[in-house]
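Following: one structure in structure tokens, then a few remarks.
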Amino acid sequence: MGLNNRLQIGDVSNNGQVEIVDEDRLCYLVRSTSKGATGLRTISKSLLEEYVNYWSEHSDATSESARQALSGRSEIDKFEYGYTSTLSVMAQMVLQSTHKVKNNVSSLPRQQIFYGAPGTGKSFTINQEIKGEDVIRTTFHPDSDYSSFVGAYKPTTREITMRDLSGHPVIEHAQILTEEKIVYEFVPQAFLQAYIAAWEKYAACDEGNPQRQFLVIEEINRGNCAQIFGDLFQLLDRNHSGFSDYPVKADTDMKRYVAKALKGLTIPQAGAINSLYGGRDVVSEVLEGNILLLPSNLFIWATMNTSDQSLFPIDSAFKRRWDWSYMPISDAKKGYVIDVAGSRYDWWQFLEEINKKIESTTNSEDKKLGYFFCKAHGGVISAETFVGKVVFYLWNDVFKDFDLVGPIFDDTVEGGKLTFAKFYTEGEMKTKVRAEKVAQFLGNLGLTPVEESEEEYNGQAENTDDSENPRATWSVSERKRYDFWEAFLAYAQKNDDFKTYFGGTKKAGKDHWKNFYVSGADFYMSVVLKLWERAIALQVYFDRTTDTYYHLADQKKDIEAEMDTTYEWRENPEKKSSTIVERIDNIDFEDKEHWTTIFDLIITRILRMREVFVKYSKQQ
């Protein structure tokens, strides 16, 4: 029977009564539990093989009938057959292992709720976890019920054949006429759609792990879970293989729909699944729609905002059937800023200050704001978005019952309090956000605009002497730039071509650009960091526009084809300078673990630019 390959250390029987603790060439060491008592037993592999052979031919036998049939037939001591209950369970384990149900992705919880303050990235985290998986989504709300979650009969339109009074099809110009009529059909909703899809994936899997199916419920606590799930609540209890412990009987309508949806399917692992239920043919019952039973590849994940004023709190019995994953408020390191009339304020600094005020005022963390509370476009949150989403939430949901107490709400310009209405000016057709009131509110929180010297590079001298500017006094942007250049220059020195063409070690600085000079040319390379735009500009820079620039411009088409990019060609008449710019977007400056990827990109591009532009500059 090859028992050594069938049972392994750590294997546990379906009923949990037998566990393989150890083994050698001749025996298994087994932990056996019976009637509350636990003990270790040594089981002979040759004796177990007798039981396996017997049970493979007598599937309806009992452990006692097995003992009576086998004892005394071989040279094995008859007293060893006294462990017949344990031997019978182990024999079933061996027989099941030939088509064993695999607990696919056992590290992932079957039912999991991600909860936390608004904007902590609950949905984002789920999306990242299940990227590439099959997902069906739904959102709960106060009007959600069983039929909107599971399914119900609904009126739908269907094209049917027109018939005359005799019941014959109506034919005109050799064509059978049709018409659309309203009919009532059972329409499956998110739960049944995911349920059917999961069983179809089991049918498509000959062996091993079936493909996973996810059902994602957004804002689960906004609905009445007891009413929405109904008797499906029982299905959430899963056994060690990931199937529902307690199947539930399907009602007539659902039975008819499920049977039709699963008609013709065959589940290759039916025998192993049935063995989880004492041999009951649950798979046939599932395929016929008689019962509902969650398969192991169906995962139900949900999000929950702790700030929601839900009318339907989740009871403890429901909670126990889920794994809970807390999403804390943290700096996502995206570098988001709030743009107020050209001045930019650090979003994370704002969150830190306002969340302190929320906690001290409400004595609760539920109302705090997470990093992704606001959507930033290109890393920037506009004043309009800030007022419409953040200020509105703060004034109407967080502080509305606290009378705007505290200096952060003081209007030091017009007097009184910064009421919500003061953030807008009245217009004939549409109101407009008052940027000065946004800046005043942020100032009340102690925020000042971040220093962002990220204008275009116009030939400024590099500032690498920072001895008079200790790091503690630098802005957030300056510290980020210095760290980037320091790491880049150290990395670039390992590239022989870079050292050959751009000289020895350069000193890091806190400026947003770094120049790299080209020997024998009247231009040089400049790399410009645009932190807030999450971009890099690679430039060929002429301090003075020369004939070389015009000559290169005449060969623009050939140069861009060779560089496989499109450049922006600029002349600056005021400074009599010129620039040829390649912009690279979607640069994640916050992810330091992947900075080397950015470094390689910069080094490769500026070396190639040097080669191509020097070549074309000499073709005069």
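The values are calculated or read from the model by the stated rules, or taken from the named source; none is laboratory data. Since the structure is predicted, the reported quantities are computational estimates derived from the model, not experimental observations. FYI the Cβ positions are ideal-geometry reconstructions off the backbone, even for glycines, and counts take in every protein chain you see.
Things worth noting here:
- Yes/no for residue 269 being surrounded by 15 or more Cβ atoms within 10 Å (Cβ to Cβ) and over 22 Å from residue 145 (Cβ atoms): yes
- Figure legend. Inter-residue proximity from region 240-268: first residues without any contact (Cβ under 8 Å) to a residue 24 or more places away in the chain, second residues surrounded by fewer than 19 Cβ atoms within 10 Å (Cβ to Cβ) and assigned to a helix (DSSP H, G or I), beta-carbon distance below 8 Å, spacing 6+ or different chains. Indicated pairs: 246/234.
- Scanning region 125-162 for residues that are in a helix (DSSP H, G or I) and surrounded by 14 or more Cβ atoms within 10 Å (Cβ to Cβ) returns 125, 126, 129, 146, 147, 148, 149.
- Residue satisfying all of: in region 365-405; within 12 Å of residue 354 (Cβ to Cβ) and touching an Asp or Glu at 6+ places or on another chain (Cβ under 9 Å); modelled with the lowest pLDDT among these: 367
- Note on region 549-575: residues that are touching a Ser or Thr at 6+ places or on another chain (Cβ under 7 Å), buried (at least 19 other Cβ atoms within 10 Å of the Cβ) and not aromatic (Phe, Trp, Tyr) amount to 1.
- For the criterion of being out of contact with any His (no Cβ under 7 Å at 6 or more places or on another chain), small (Gly, Ala, Ser), surrounded by 19 or more Cβ atoms within 10 Å (Cβ to Cβ) and at pLDDT 90 or above, residue 259 fails.
- The residues on offer are 606, 587, 602, and the sole one that is closer than 17 Å to residue 535 by Cβ and in a loop (DSSP other than H, G, I, E, B) is 587.
- Residue in region 308-323 that is farther than 26 Å from residue 141 by Cβ and touching a residue at least 12 places away in the same chain (Cβ under 8 Å) present: no
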